[in-house]
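The values are calculated or read from the model by the stated rules, or taken from the named source; none is laboratory data. Keep in mind the model is a prediction, meaning the values are calculated, not measured. Here the Cβ positions follow ideal geometry from the backbone for every residue, glycine too, while neighbour counts run over all protein chains shown. Ligands, DNA and RNA are stripped out before the accessible areas are found, and what is left, the full protein with its side chains, is counted by its heavy atoms. Shrake-Rupley method; radii C 1.70, N 1.55, O 1.52, S 1.80 Å.
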Amino acid sequence: MGGVTARLDQLPLRDDLRGKTPYGAPQAPLPVALNVNENTHPVPQEVADDILDSVARALRDVNRYPDREFTTLREGFADYLGHGLTADQIWAANGSNEVLQHILQAFAGPGRTAFGFAPTYSMYPLLTSGTGARWVAGTRAHDYTLDPDSAAAQVAEARPDVVFLCSPNNPTGTPLTLETIEAVYDATDGIVIVDEAYQEFAPRDERSALTLLPDRERLVVSRTMSKAFAFAGARVGYLAADPALIDALRLVRLPYHLSSLTQAAATAALRHAPTMLRMVDDIVEQRDRISATLDALGYEPLDSWANFVLFGGVADPAATWQALYERGVLIRDVGIPHHLRVSAGTEDETTAFLDALASIESAA
Ligand code: PMP
């Protein structure tokens, strides 16, 4: 490339992007990687074989553009979600990050604001500023819960165009009640996104925000195949909402944004949903083992309905993170003082993390 590299500050970058830092969770090849809330179990072999057949068939037509409306995949998601949903209420994209970006492109943008309750998923502010909109952060209680009155009052005051409600919340794992979602919806004229990326790890008898969709045309419930479905590398996220809201997303998506190979792989994976999801119970068990063991070690794990645990009581998070790294275990420093976050892995990975942490503890 001629050996010339322009420095970022010499480029005519948009003013509102100057000084910003890209998303940057470390991708280190460590034996035990529990830092980005993946499902660390591989796709079951019988499903992988069927996905491969479907992708091979799609490859024969790859000279043609894919179905722009990804109709078969949308039908698959509607079936999977249930609640009487139909394909015209479903949207999908390359990861729920792109799904969220589509919503912001349609409903945020220059001169508008998006709002979320900090600490929450770090991509919300980045996606917001990417569309030229302003991010406004609200607050939570000390234990990171969000009660309906406080949430509604904060949203009413901020008057945002888009509200993010992460349920359960990343990075804290905190559940969110349907009462809070309803109160926030009633407190705004904007779009309300309930991000249920980790919903499959919540207790089975808990109601999803999908049950609130009827008669709420500004409500969006987003999901992903990256977590429970063990499909993070395939990049498939989706949402359910009113058909009119889906029409708005068609205005901003790139034509043919979901490749035919992605559509084929995701459709095949959905045909095997129960098999794909069979490790969820095991992951939940490992999550609860992490919490119990952290507690016994003197740390302060937060209640989690997701596949990860945020724990407090860490004297020096950077030092503990580094000590674990040196023992081959990668977890996440999310920047909350005295806290670290760890994803629940397989039983062996979870044991490796807990043993490594205990060894640091005893070495201290
Ligand atoms: N929402 C939340 C709350 C997340 O934690 C993540 C991933 N860490 C995403 C959305 C995006 O996931 P993906 O783009 O892989 O679907």
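For this structure, a couple of remarks:
- A simple spin-label model places the labels of residue 21 and residue 142 2.9 nm from each other, with each point 7 Å out along Cα-to-Cβ.
- Simple Cβ-charge dipole of the chain, Lys/Arg +1 and Asp/Glu -1, about Cα centre, in debye nearest 20: 1400
- Modelled FRET efficiency - R0 22 Å, residue 157 with residue 177, Cβ distances, 0.05 increments: 0.60
- Spin-label pair residue 122/residue 69, simplified geometry with 7 Å Cα→Cβ offset, distance in nm: 4.0
- Annotation for the range 53-103: trypsin sites (Lys or Arg not before Pro) lying in DSSP loop with at most 16 further Cβ atoms inside 10 Å of their Cβ are 60, 64, 68.
- Heavy-atom accessible surface of the chain: percent carbon and sulfur, 1.4 Å: 52
- Residue-wise HN-Hα couplings along the range 204-219, as the Karplus relation 6.51 cos²θ - 1.76 cosθ + 1.60 with θ = phi - 60° gives them from phi, are 4, 8, 7, 7, 7, 5, 4, 5, 8, 4, x, 6, 10, 6, 9, 8 Hz; Gly and Pro carry x.
- If only the Cβ of Lys and Arg carry +1 and only the Cβ of Asp and Glu carry -1, the dipole of the range 49-144 around its Cα centre is close to 580 debye.
- Remark: the range 110-242 carries a charge dipole of roughly 600 debye about the Cα centre, counting +1 on each Lys and Arg Cβ and -1 on each Asp and Glu Cβ.
- Excluding ligands, DNA and RNA, the accessible surface per residue across the chain is 46 Å² with a 1.4 Å probe.
- Here's how it looks for residue 115: its modeled amide H is under 5 Å from those of 136, 162, 163, 164, which are all 5 or more places away or on a different chain.
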